[in-house]
Amino acid sequence: MATDTLVRRTPARTRARKAKQAVGLGTRMRRNWQLYAMLAIPLVWLAIFAYWPMYGAIIAFKDYNVVDGILGSRWVGVKHFERFVESYQFWRLLKNTLILHVYELLATFWLPILLALGLNMARRRWYRRSVQLITYAPHFISTVVVVGLIVVIVDPNSGVLNQFLALLGLGPIDVLSNPDYFRHLYVWSGAWQTMGFSAIIYLAALTSVSPELHEAAIVDGASRLRRIWHIDLPAIRPVAVILLILNIGSIMSVGFEKVLLLQNTLNLQTSEVLDTYVYKLGFASQVPQFSYAAAIGLFRSVVGLALLVLANAVARRFAKSSLW
Amino acid sequence: MSMATATSSPPGTPAPVRETRSDRIVMICNYTALGLFTLAVLYPLVYVVSASLSDPKNVVSGKVWLWPVGLSVEAFKAIFDYDSIVSGFSNSIVYAVGGALLATALTLLAAYPLSRKGLPGKGLIMALFVFTMMFSGGLIPTYLVVDRLGLLNSRWAIVLPAALAVWNMIITRTFFQSTIPEELVEAAKVDGCTDFGFFWRIVLPLSKPIIAVNMLFYAVAQWNSWFSALIYLTNEHLFPLQLVLRQILIQNQFDPSQVRDTAELIRMKELQEQLKFSLIVIATVPPLLIYPFVQKHFVKGAMVGSLKG
C-alpha cells in the first residue's frame, strides 16, 4: 500500500530528492528525531499487543502450561495440528466456516453497490439524505443488540414474526433453535446492518465521476441504464475489487462475535465455526486446552493470509487492480 | 431491484427535456426500491421503540406490531432499578470516553509522522502496521499477553488492547497527506518551528474533522464491544453494558438478587419480557445520538481515498 509511488515525479521533485540524498541517512534521521519520538508510543503498543501475540503463537507447537510459561513449555512439533486435522470436528468446522462466509459474500457483496448506484441516481436531496441517514444507522448498533433484536422479533410466543405467521395460519416456528435457519439469519441480519454503511465507499467513488461524461453520453442518446453500465460501474470497479480481496482474506474469520451470540446447543450443527470452537476450547471448557486452541487459531490465520495473497494475485492478473 | 407497486414516487416536478419515457420508468423504480429498502431497515427499529413504550400486557400477547398499544414507560423505570444495568451503563461510558481519548491520541501520533514525506524507515514502519491487519497471533496468545501484563480483571484490559485500529490510522494518515502540504512544513521549519510545535499548533487545529471521526469510531467501537469483557473480566462491577445486555437479552438470565425489594420483584417479572425492548432502546440511543453530528465528516472526505492508502 504505497501512495508515494502514485505521486508524479516532476523535475523539481527529483531535484529535491537528489538534494536530500546528498545529506547522509544518519543526519536525516537525527533531524527527524521528534517524529520518531511521536512514533515511539504507537510502536511500543504495536509490539506488545500485535507482535507479542504473534510470537506467543509458538505455543501451538508446544504443550503450554501456566507454570513453565511460553518459553519453558515443552516443544511437541505439529502434534496439535495433526490432532485437529484428524479429529471428527475438522471437516465439519471447515465446512460450516466456509459455507457461512461464502454464502455471506455471494448474498451481500453486491447489495451496497446497488444501493450506491440507486442513491447516486436519485436527484432529490431530501430523499437521498433521509435514505442515507436511516440506512447508515444500523452500522452503529452493537452486535449484542442486533442479536437481541433478532431474539425478540422471532420469539415463538410474543415475537412479531410469529404473530404475522399466525395471521397466515402458519407457525409458530422456533427460528433460533433450528439449524436450518441459522445461516439465513446470520447473513440477512448482516445485510440489514451493514449494507447502508458499506455503500459510502462506492458513493465516494461515484462522486469522482466527471459530470461531463454523463452529459456527453446524454447528448449521444444513452439511456440511464446504459450510462450506469458504461460509466458508473467502471468507476467503482477498482474499489469493488479491493473490497472483494479483503473479503476473501477474511473468509475464515469475520463475524465471529455474532455467530457466538446466535449460537445455542440446538443449532450447533451449522453454527459451530473455527473461531467459536477456539473460544470454547480456551475459555468455556473445564480444562482449557490453550495449545490445541492456539494451533487451530494459527491454522485459521495462516489459511486466511494465504487466501488474501491468492485473491490479490488473481485480481492483479485479471482485474488489473490490487492491494499491493 | 424489484418492481414493487408501493407509492413513494417523488412529487411531480417538470422533468428535464431529454428525459425519455424509459428513463422515467427507471427513475420511478429506483425511488420506489430505495423507499422500500429504507422502510425495511427502519421497521425493526420502530417496532422495538413502540414495544418498549407499550403496556407490558400488550407486548406479551403480541398486540404491538407497529405503533405503541397502551402507552407506558414502566419498562424504562424498571431499568433503573436493576443494579447491574446502571453500573454497566456507567462502566460503558468510562470505557467509551477513556478508550476514545487514548486511541485517538495514539492514532494521531502514529499517523502524522507516517504521513511525512522522506522520513527514513517510513515504509518499513508502515508495513509493520499493515501486516497486523492481515495476520494476527490469535485469540489465545493475545489473552496470554494480557494475562502476563497483569491486566486481567482491570479496566485497562478493555481499553489497552483496543487502543489503536490500523484501519483508522491509515484513514488519518491519508487525511494528513491530503490536507497538510509539504510546503507548509518547510515554511514552518524555516521559521524555526520544531516538529512537535508544528504538530501541536498547526496540524491539530487543521484536523478537527478527522479527530471527530476517530473519536466517534473508537467511542462507538468501545460502547458496542462485549467480547473482550467476556474473556478478560470476571468482576461483575467492571462489566460494560453490552455484557449485561447479553445476559438479559440473549441468555435470558434475569437475576432477582439484582432487584432491591420484593414488591419491585413481582412487578419486574411482569415486565421482564418488555424490559428487553427498553434495554435495546437504551443501549442504542447513545451511539445514534452522536452519529448525525459526525456524519457529514466521514461522508466528506475522511473515508475517501482511504482504501489504497
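The values are calculated or read from the model by the stated rules, or taken from the named source; none is laboratory data. Since we're looking at a predicted model, the values are computed, not measured. In this analysis, Cβ positions are derived from the backbone assuming ideal geometry, glycine residues included, and neighbour counts consider all displayed protein chains.
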Next item on the list: Scan segment B:43-66 for residues that are in contact (Cβ under 8 Å) with a residue 24 or more places away in the chain and either aromatic (Phe, Trp, Tyr) or touching a helix residue (DSSP H, G or I) at 6+ places or on another chain (Cβ under 7 Å) (or both) and jot them down.
Entry: B:Val48, B:Val49, B:Ala51, B:Ser52, B:Pro56, B:Val59, B:Val60
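Each row is one residue, and each column tells you yes or no for (1) at pLDDT below 90; (2) in contact with a Gly (Cβ under 7 Å, 6 or more places away or on another chain); (3) in a helix (DSSP H, G or I).
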| position | (1), (2), (3) |
| --- | --- |
| B:Ser22 | yes, no, yes |
| B:Val26 | yes, no, yes |
| B:Ala51 | yes, no, yes |
| B:Leu71 | yes, no, no |
| B:Val86 | yes, no, yes |
| B:Ile93 | no, no, yes |
| B:Gly99 | no, no, yes |
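For B:Ala229, indicate whether it is hydrophobic (A, V, I, L, M, F, W, C), in contact with a Pro (Cβ under 8 Å, 6 or more places away or on another chain) and either surrounded by 18 or more Cβ atoms within 10 Å (Cβ to Cβ) or assigned by TED's automatic domain parsing to the domain that holds B:Leu108 (or both).
It is true that B:Ala229 is hydrophobic (A, V, I, L, M, F, W, C), in contact with a Pro (Cβ under 8 Å, 6 or more places away or on another chain) and either surrounded by 18 or more Cβ atoms within 10 Å (Cβ to Cβ) or assigned by TED's automatic domain parsing to the domain that holds B:Leu108 (or both).
Within segment B:67-77, which residues are free of Cβ contacts under 8 Å to residues at least 24 places away in the same chain and of a type outside the set (S, T, N, Q)? It would help to see each step written out before you state the result.
First pass over segment B:67-77, keeping only residues free of Cβ contacts under 8 Å to residues at least 24 places away in the same chain: B:67-73, B:77.
Once the filter is applied, which keeps residues that are free of Cβ contacts under 8 Å to residues at least 24 places away in the same chain and of a type outside the set (S, T, N, Q), segment B:67-77 yields B:Trp67, B:Pro68, B:Val69, B:Gly70, B:Leu71, B:Val73, B:Lys77.
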Margin query: What pairs come out if I take residues in segment A:23-44 that are at the interface with chain B (Cβ under 7 Å from one of its Cβ atoms) and pair them with residues that are surrounded by 14 or more Cβ atoms within 10 Å (Cβ to Cβ) and among the aromatic types (Phe, Trp, Tyr) whose C-beta lies under 8 Å away, six or more apart or interchain?
Written below: A:Met29/A:Tyr36; A:Leu35/B:Tyr112; A:Met38/B:Tyr112; A:Met38/B:Phe199
Next item on the list: Select from segment A:196-213 the residues that are touching a helix residue (DSSP H, G or I) at 6+ places or on another chain (Cβ under 6 Å) and closer than 30 Å to B:Thr20 by Cβ and write down the one among them that is surrounded by the most Cβ atoms within 10 Å (Cβ to Cβ).
Entry: A:Ala199
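Table: residues versus (1) outside any helix (DSSP H, G or I); (2) within 10 Å of chain B (Cβ to nearest Cβ); (3) among the small types (Gly, Ala, Ser).
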site	(1), (2), (3)
A:Ala217	no, no, yes
A:Ile236	no, no, no
A:Thr270	no, no, no
A:Arg300	no, yes, no
A:Lys320	yes, no, no
Margin query: Report every pair of residues separated by at least 6 positions or lying on different chains whose Cβ atoms are under 9 Å apart, first residue within segment B:91-119 and more than 7 Å from every other protein chain (Cβ to nearest Cβ) and basic (Lys, Arg), second in a helix (DSSP H, G or I) and surrounded by fewer than 22 Cβ atoms within 10 Å (Cβ to Cβ).
Written below: B:Lys117/A:Asp4; B:Lys117/B:Gln177; B:Lys117/B:Glu182; B:Lys117/B:Val185
Margin query: Just to confirm my filter: which helices (runs of 4 or more DSSP H) fall fully inside segment B:189-246 and include at least 2 residues that are more than 30 Å from A:Met29 (Cα to Cα) and in contact with a Phe, Trp or Tyr (Cβ under 8 Å, 6 or more places away or on another chain)?
Written below: B:208-224, B:227-232, B:241-245
Notebook entry, point to check: How many residues does segment A:272-324 hold that are within 19 Å of A:Gly255 (Cα to Cα) and β-branched (Val, Ile, Thr)?
Noted result: 6
Next item on the list: Could you look through segment B:180-214, keep only residues that are β-branched (Val, Ile, Thr) and within 30 Å of B:Ser225 (Cβ to Cβ), and pick out the one that is nearest to the chain's Cα centre (by Cα)?
Entry: B:Val213
